[in-house]
Amino acid sequence: MTKFKLLFFVCLFSSFVGHAQQLDTDKLYLQALQEYREARYSEALDLTKKGLEVAPDYHDIRILKVRTLFALQKFEAAGTDIDLLLANAPDYEGVKSIAMQRLNQLKGDMALKYNENLLNIYGSDPDMMIYKARLLLENGRFEDARVLASETYSASNLDDGQRYAIQQIMNLTVKDAVQVTGQYITFSDNYSRNNSWYALSAEYQHNFPHLALIGRATYSDRSYNDGSLYEIEAYPIFSDKMYAFANLGFSEGQIFPDYRASASLFYNFATSLEAEAGFRSLFYNDNSYFTAIAGLTAYTGKFYLNARAFIGPERLEQMVQNYQFNVRYYLSTPENYLFGRFGSGISPDEPTLYTRAQENPTLEARYFNAGINKTFGMHHVISFSGGILTEDLPREETGTQYTTSFSYRYKF
């Protein structure tokens, strides 16, 4: 009986001590958290160390220690504690977040190796797959980045921000590309010039690490006249959230502007929204035409939704206005999609329709275009579309234009 009582008191005392230690470590954690919030990081670090000496499996204290080490820029020391958490409690709340922060601090092969370790622990996590694709891109492994981004995009549990990030990666994985495009336009009988038009263009694109350059030549035959337009475009990338577009062109013949200059700035905000602000300036027969542009794009689920407004120039005391809505529905990858465009008015930026905007800026126009963009393997992309435009004509008539276009793109 005496031995039984002794054992009972030993167990009771051990339980009391353990409970006291728990209370003590809870107190240390709250004190350390307060010091951390008030940016007294050295004091917070000392308290977390004391807490872990008593309770090495107190994960909240260790996570707080890691965040404190981050604040003190002691990244190697933080890495040691993160490794312990990944080994013992990878699914504990906050562990994955600090592991991703650690990943962001690494570069090159070290980052790729650490990323692989995280993927082994967490499986095909979309954020980590996206980060790996970016690392491959930075290391010049464009094909590998493209395959990984495409595979990740096929997952059904992506949010809008993740889909947007993958689309940006896919755009950057192509180093070179050539494209040819053909367009054919026919007119209803009530046009004075109702012979068919056609246009052919060829372009070459080269992607630098933070810049895409495109050279393009377009030839158009409008039955009554023909001409060629030569352009160079640039897409500089300033950050993950901001990039720009610029275009310069000149022509031979009478149907295109003598010179043209364009620029737009794009900014990504609220994860999956993108705003555009820009202008187009055309010079035609010693006259200049200026158009202001504003746009907003939303990436939601598998949809790309874009609204744009073109205001200007002023012609015959009337302001030329064009409003359009563009939609894409993405299929298996960001380059496989159905697309459509609805609009009213004719922008002078439309090279195939520019003449009508000059001659009759106040007449109303409405148009619709739809098509498909489809990849074949990693190198081949085709696009096919058809559209219809109805517009007011002089003498209270309405004319209709029918447009068909086809393009082939080879990426390498």
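The values are calculated or read from the model by the stated rules, or taken from the named source; none is laboratory data. Model, not experiment: these values are computed from the prediction. Here the Cβ is made from the backbone with ideal geometry for all residues, glycine too, and neighbour counts use every protein chain on show. Please note that ligands, DNA and RNA were not included when accessible areas were found on the heavy atoms of the full protein model with its side chains. Shrake-Rupley method; radii C 1.70, N 1.55, O 1.52, S 1.80 Å.
Things worth noting here:
- Straight-distance crosslink candidates among lysines, where the alpha carbon sits under 20 Å from K411 and sequence neighbours closer than 8 are dropped: K175, K374
- For the stretch 54-198, the residue among A99, M128, I185 whose Cα projects farthest onto the positive side of the dipole built from Cβ charges is I185.
- Among the protein heavy atoms, those of S201 account for about 30 Å² of accessible surface (1.4 Å probe, every chain in place).
- Dipole of the chain [Lys/Arg +1, Asp/Glu -1 at C-beta], most positive-end residue of F376, A309, F70: F70
- Looking at the stretch 116-198, the accessible area is 47 square angstrom per residue; that uses a 1.4 Å probe and ignores ligands, DNA and RNA.
- Applying a DSSP loop filter and a limit of 12 other Cβ atoms within 10 Å to the trypsin sites (Lys or Arg not before Pro) in the stretch 101-171 leaves K107.
- Principal-axis tilt of helix 142-153 within the chain, Cα atoms, nearest 10 degrees: 80
- Crossing angle, helix 41-54 versus the chain [Cα axis fit, 0-90 degrees, rounded to tens]: 50
- Net length available on complete extension from Q318 to T186 is 44.7 nm, with 0.36 nm assigned per residue and the Cα-Cα distance removed.
- Computed over protein heavy atoms with a 1.4 angstrom probe, the accessible surface ordering of M129, M170, M110, M319, largest first, is M110, M319, M129, M170.
- Given +1 at the Cβ of Lys and Arg, -1 at the Cβ of Asp and Glu and no other charges, the dipole of the chain around its Cα centre is 1160 debye to the nearest 20.
- Within the full protein context, the accessible area of R315 is estimated at about 60 Å² for a probe radius of 1.4 Å.
- For K113, a cut-off of 23 angstrom between C-alpha atoms picks up these lysines, skipping any fewer than 8 places away in its own chain: K74, K96, K132.
- At R0 = 25 Å, FRET efficiency that the Cβ-Cβ distance of Y230 and N171 yields, to 0.05: 0.55
- Tilt relative to the chain, helix 2-37 - C-alpha long axis, 0 to 90 degrees, to 10: 40
- Identified option (computed semi-axes √(5λ) of the Cα gyration tensor in Å; candidates [x] 36, 30, 19; [y] 62, 21, 19; [z] 55, 21, 19): [y]
- Longest segment of the chain lacking GluC sites (Glu not before Pro) that sit in a DSSP loop with at most 14 other Cβ atoms within 10 Å: 94-316
- Global form of the stretch 59-123, assessed from the alpha-carbon gyration tensor, a/c cut-off 1.5: oblate
- Shown for the stretch 206-249: the carbon plus sulfur share of the solvent-accessible area, taken with all protein chains present and a 1.4 angstrom probe, equals 67%.
- Set of lysines with alpha-carbon distance to K27 below 20 Å, sequence-local pairs under 8 removed: K49, K50, K65
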